[in-house]
Amino acid sequence: MQLPFRRFAVARGALNYRRRVIDFADAPAPGGFGLFDISWGLQRTKIAGILVTSGIADALGKDRRKPVELAGELKLDPDVTRRLVDAAVASRLMKLDRSGRARLTAIGASLRADHPRSVATWVAFQADPYTAAAYAHLDAQLRDGSQPSGFRREFKQSIWEHFSAHPTAGARFAEAMREVSAFDLAAVVGGYPWPRRGVICDVGGGTGHLLAAILGRRRGARGILIDSPEIIEEAEKVLGARGLAERVECRAGDLFGELDAHADVYTMKWILHDWSDDACRDMLTRVRATMPTGSKLVTIDFHREPGRPNTVTSMLDFSMIVLFEGGRERTPDEVHGLMRDAGLIPGRVRHGGLLMLVEGIAP
């Protein structure tokens, strides 16, 4: 049974309102201007990305500075820097005052690494040449089908194999996921009745930010964090800094290997949407094998509503075609079907913003 969609409806309504405002602003513009503006999407992503990777966003911080000063400090070409700043202004990432000094706008401020809502690493990942190159195969995918992914077609390996071979890139991706995950952290923590006592196991939980947030609200509970060895090494530092080293057991594990963790509630956030149905069944079956009778699994992904696309879910779903092998955003019924195939009993569906928290119970 699904609980009321109140949180989901509010988030969806906010996105719909934003779209109506943009449509209203475009209405008096000459015909075709809106589409012309959309066509600059690649450039805008690259502009935002280079503001991060060049150091310009961090050098600006909260200050106002002339482009030539930034160029001198960062050893950049003055002419290209000035023109980049102009393009960033046109993209609503910066503003210029009357003396020609640039500052970051409210939108652009999140390109700073020290911003409390920073998405600098996420933006840099989207602008990375590897990411862009994977989109070169969309035409072939449209004709032949989504598999293999655009990334595999371009680089002859999956994105996960690429991250394994290039740990620095893998670490940047993990940080990018942490940044965007922070936006809905409070909604996830408040969107499910996590146990006040007992054990919560986060499978594929990265460096432990979700688990830390849950345990911050459930001080009588303990945690188990499972991820790859290199991620676990970083997670131990993160959890130690949060004062949770004694409450969380960090274990290296493989989503497609044997898992050994006895808990009351298991969670998997943004895991299933990266993988094909067959791969998800495999992972869920392995999690089910370690779950005690009566324990619960909560998978957390974006809720896809057939016939009701939105800016976040639909764009992420499309990116799965390009970057991942069989990944997709799903409906609650589709996730429950995968859980059923893995031997779990479908439970409730709750929502935190645009996310669905889908429950499965071990019989």
task = Go through region 158-181 and give me each residue that's in a helix (DSSP H, G or I), polar (S, T, N, Q) and within 24 Å of Pro148 (Cα to Cα).
result = Ser164
message = Being touching a residue at least 40 places away in the same chain (Cβ under 8 Å) and not hydrophobic (A, V, I, L, M, F, W, C): is that true of Asp77 here?
response = no
task = State whether the residues of region 341-349 include one that is at pLDDT 95 or above, among the basic types (Lys, Arg) and either at negative phi or open to solvent by less than 40 Å² (accessible area, probe 1.4 Å) (or both).
result = yes
remark   = Filtering region 74-112 for residues that are under 14 Å from Lys62 (Cα atoms), touching a Ser or Thr at 6+ places or on another chain (Cβ under 8 Å) and exposed (fewer than 13 other Cβ atoms within 10 Å of the Cβ) leaves a count of 0
ask   = Within the set of pairs 6 or more residues apart or between chains, which connect a residue that is free of Cβ contacts under 8 Å to residues at least 12 places away in the same chain and over 17 Å from Thr311 (Cα atoms) inside region 20-37 to a residue that is open to solvent by less than 70 Å² (accessible area, probe 1.4 Å) and not in a loop (DSSP other than H, G, I, E, B) with Cβ atoms less than 6 Å apart?
value = Asp26/Gly34
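Looking at region 98-128, which of its residues are acidic (Asp, Glu) and modelled with pLDDT under 95?
Residue satisfying the conditions is Asp128 alone.
Here's the yes/no breakdown for (1) modelled with pLDDT of 95 or more; (2) surrounded by 17 or more Cβ atoms within 10 Å (Cβ to Cβ); (3) in contact with a Pro (Cβ under 9 Å, 6 or more places away or on another chain):
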| residue | (1), (2), (3) |
| --- | --- |
| Thr313 | no, yes, no |
| Asp317 | yes, yes, yes |
| Leu323 | yes, yes, no |
| Met339 | yes, yes, yes |
| Leu354 | no, yes, no |
| Gly360 | yes, yes, yes |
| Pro363 | yes, no, no |
query = Looking at (1) closer than 14 Å to Leu111 by Cβ; (2) under 23 Å from the mean Cα position of the chain (by Cα), which is the only condition Ile56 fails?
reply = (2)
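Looking at region 182-213, which of the residues that are of a type in the set (Val, Ile, Thr) and either assigned to a loop (DSSP other than H, G, I, E, B) or under 19 Å from Glu234 (Cβ atoms) (or both) is modelled with the lowest pLDDT?
First, the residues of region 182-213 that are of a type in the set (Val, Ile, Thr): 188-189, 199-200, 203, 207.
With either assigned to a loop (DSSP other than H, G, I, E, B) or under 19 Å from Glu234 (Cβ atoms) (or both) added as a condition, the list becomes 203, 207.
On the way: Val203: 97, Thr207: 91.
Checking each candidate, the answer is Thr207.
The values are calculated or read from the model by the stated rules, or taken from the named source; none is laboratory data. Every value quoted in this text rests on a predicted model; they were computed, and no experiment measured them. So basically every Cβ, Gly included, is an ideal-geometry build from the backbone, and we count neighbours across all protein chains shown. Only protein heavy atoms, including side chains, enter the accessible area calculation; ligands, DNA and RNA are left aside. Shrake-Rupley method; radii C 1.70, N 1.55, O 1.52, S 1.80 Å.
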